[in-house]
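S.K.: Let me begin by handing over the structure; questions about it come next.
Bear in mind these aren't lab numbers, they're just calculated from the coordinates by the rules spelled out. Since we're looking at a predicted model, the values are computed, not measured. Here the Cβ is made from the backbone with ideal geometry for all residues, glycine too, and neighbour counts use every protein chain on show.
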Amino acid sequence: MRRREAGIVLAAACGLAAPWLMEVRGEDAQARDRAAYVGTWRVVTIESDGTAQPARERNIVVVNRADGTWTMTIDGREASSGGSTIDPLAMPPEIDIEITAGDGAGSKLLGIYELGADRRRLCFRGAAEWRPREFATSPGSKAVLVTLERE
């Protein structure tokens, strides 16, 4: 094995990948998370500024598509739609949500996400605020924590 090839193998084994290798890993991670995100999700809990909101009293459903677009309905009425970009390699993984139509059109939300097979969490703030670093809210934080379950 040549010295250069040995260095690449060693770097990959130690997690010190070359920039081109990180691009491939980033693309793979993004494709993996996008695929897991696709589907219909029901909001089960909402917490805002440290106060739980009664999500179960309303039927809030979000449909996520593979291209990052989404639509949210509330009690069967389309409330808003838009797009999102994700960075699954950030710690914690980051999401930017853009609302392009309906309630909140023209708004951008900066957040983090946690993704399981049948459950996911989002914690976000408006673009004028700083991105949350943990899945929590507190009085005055302007943060919203949403838990969704796959339908």
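S.K.: Sticking to Cα atoms, compute the Rg of the range 62-111 to one decimal and its Dmax as the biggest Cα-Cα distance, whole number, in Å.
M.R.: Every Cα atom of the range 62-111 included, Rg and Dmax give 11.5, 35 Å.
S.K.: With the dipole of the range 47-90 worked out from charges on the C-beta (+1 for Lys and Arg, -1 for Asp and Glu) around the Cα centre, which of Gly76, Ala66, Leu89 lies farthest toward the positive end?
M.R.: Gly76
S.K.: Which value does Rg/Rh take for the range 21-151 over its C-alpha atoms, Rh per Kirkwood?
M.R.: In the range 21-151, Rg relative to Rh is 0.95.
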